[in-house]
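See structure below.
Taken together, the values in this text are just the output of simple stated rules run on the coordinates, not laboratory data. This is a predicted model, so every value here is computed, not measured.
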Amino acid sequence: MELHSLKPAKGSVKKSKRIGRGQGSGKGGTSGRGHKGQGSRSGSTTKPGFEGGQMPLQRRLPKRGFKNPFRVEYTPLNLSKIQEIAEKLNISVIDLEVLRNNRYISKYEKVKVLAYGELTSKVDVTVNKISGTAKAAIEAKGGTVTLI
C-alpha cells in the first residue's frame, strides 16, 4: 500500500449538487428556492418555529404545571428483585457497588427499596432510601439496612 494509491471506498464519497448551473442540472433558474418571497432572498433565515407571522404553536398553547428543578429521582428496587439478585450472585450483602457492577443501575442512579415481593433469606442492604415496610421485612429476616 502506497500513499498515492489510497482512495475512499467506492460509493462513500458523493459529489455535491451544483446549484444554479443551468436547466440541465435540475437546479437551475431559481436554484431550488422557488419563486419570490422571503425564502428566495439571500441571507434569509427564520427563527425555529416561525409560522410566517401567524401566532406560533408554542404561544398558542397554555403554560401548564411546574417542573421542580430540585426533585430527586430514585430507581425502585423491590424485595423480590433483591432476593433474585442475592440468589443469582450468591451474596448476602447488596449495596450500590454490587448493583452497578452487575448493571442493575447506572453510574449516578439512586436506589429506593420498596416492599413488593417476598424476601426469604437474610440480606444486608446499603441504599439511598427505603420504605418502612421494606425495612421491617429485611430486619424480620435478620438482615440490616444502612442508608447512605
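To one decimal place, what Kirkwood hydrodynamic radius in Å is obtained for the chain from all pairs of distinct Cα atoms?
22.3
Can you give the relative contact order of the chain as a percent, counting alpha carbon pairs under 8 Å and 6+ residues apart?
Normalised by residue count, the contact order of the chain is 15 percent.
Each residue of region 7-22 in order: what ³J(HN,Hα) in whole Hz does its phi give by Karplus 6.51 cos²θ - 1.76 cosθ + 1.60, θ = phi - 60°, with x for Gly and Pro?
9, x, 4, 4, x, 7, 10, 10, 6, 6, 6, 8, 9, x, 10, x
Specify the residue with the greatest mean-square fluctuation among K107, K129, K47, computed from a Gaussian network of the chain linking alpha-carbon atoms under 10 Å apart.
Judging by the Gaussian network model, the answer is K47.
Which ³J(HN,Hα) values in Hz, rounded to whole numbers, follow from the phi angles of region 80-90 under the Karplus curve 6.51 cos²θ - 1.76 cosθ + 1.60, where θ = phi - 60° and Gly and Pro get x?
Per-residue couplings from phi come out as 4, 5, 4, 4, 4, 5, 4, 6, 5, 8, 6 Hz.
Go ahead and estimate [θ] at 222 nm for the chain from helices alone: -39,500 (n - 2.57) per DSSP H run with n ≥ 4, summed, over the residue count, rounded to 500.
The helix-only estimate for the chain comes to -5500 deg cm²/dmol at 222 nm.
Taking amide hydrogens as modeled 1.01 Å from N in the peptide plane, which residues meet the under 5 Å criterion relative to I94, leaving out close sequence neighbours?
Correct list: D124, V125, T126.
Around I105, which amide H atoms from residues at least 5 apart in sequence, or from another chain, sit under 5 Å from its own amide H, with H modelled in the peptide plane?
R100
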